[in-house]
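Peer 1: What follows is a single structure, and I will ask about it in a moment.
Quick note: the coordinates plus some simple rules give every number you see, no bench work behind them. All figures in this text were calculated on a predicted structure; none of them were measured in a lab. When we count neighbours, we look across all protein chains shown, and the Cβ atoms used for this are built from the backbone with ideal geometry, even at glycine.
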């Protein structure tokens, strides 16, 4: 059964001069990627909120989480609260907060990250977070924990190489 694209989706396509069959999920994904590339985050928010394919819309939300300011993430996560992908979206938002705190992009807040003395538990981090942190962390304790206990050889190597380059500002 073919579904007619909803108003916000049509508006996003018009604003980005996108032509494609918006009833097709591949075309909608291409539109969402174009919106992300152009920084059209607010129109994208409205379009994914209006999309009945929550799994695909959730994928766009996950990508958007890396582009929106940290204070805006809760709004994007809230959008997915009753979708099947809600737990994954919330986890990725939490992982981004950890990643930013270990890379020095933002100051750590609350319980997002503990020191090694308090039991920094990188083993519980997803492979995605371990690899991203291994490549971008500036904290020596994080790099040491990942170099010694990262889940994969690639993660351990990246953390050791990053530790060698940066000296790990611990």
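Peer 1: Using a simple spin-label model with points 7 Å from Cα along the Cα→Cβ vector, what separation in nm is obtained for residue 82 and residue 30?
Peer 2: About 3.3 nm separates the two model spin labels.
Peer 1: Once you sort the root eigenvalues of the Cα gyration tensor of the range 47-89 as a ≥ b ≥ c, which label holds: rounded (a/c under 1.5), prolate (a/b larger than b/c) or oblate (the other case)? List each step's numbers first, then the result.
Peer 2: Working: a/c = 1.78, a/b = 1.54, b/c = 1.15.
Verdict is prolate for the range 47-89.
Peer 1: So between residue 7 and residue 67, what do we pick up on full extension, going 0.36 nm a residue minus the alpha carbon distance?
Peer 2: Gain on extension, residue 7 to residue 67, equals 19.2 nm.
Peer 1: When you take every Cα atom in the range 1-98, what is the radius of gyration, and what is Dmax, the widest Cα pair distance, in Å?
Peer 2: When restricted to the Cα atoms of the range 1-98, Rg and Dmax are 12.9, 42 Å.
Peer 1: I need to check one value: relative contact order of the range 1-101, counting alpha carbon pairs closer than 8 Å and at least 6 residues apart, in percent.
Peer 2: 22 percent
Peer 1: How far, in nm, would the chain grow between residue 50 and residue 151 when pulled straight, counting 0.36 nm per residue and subtracting the alpha carbon separation?
Peer 2: 32.5 nm
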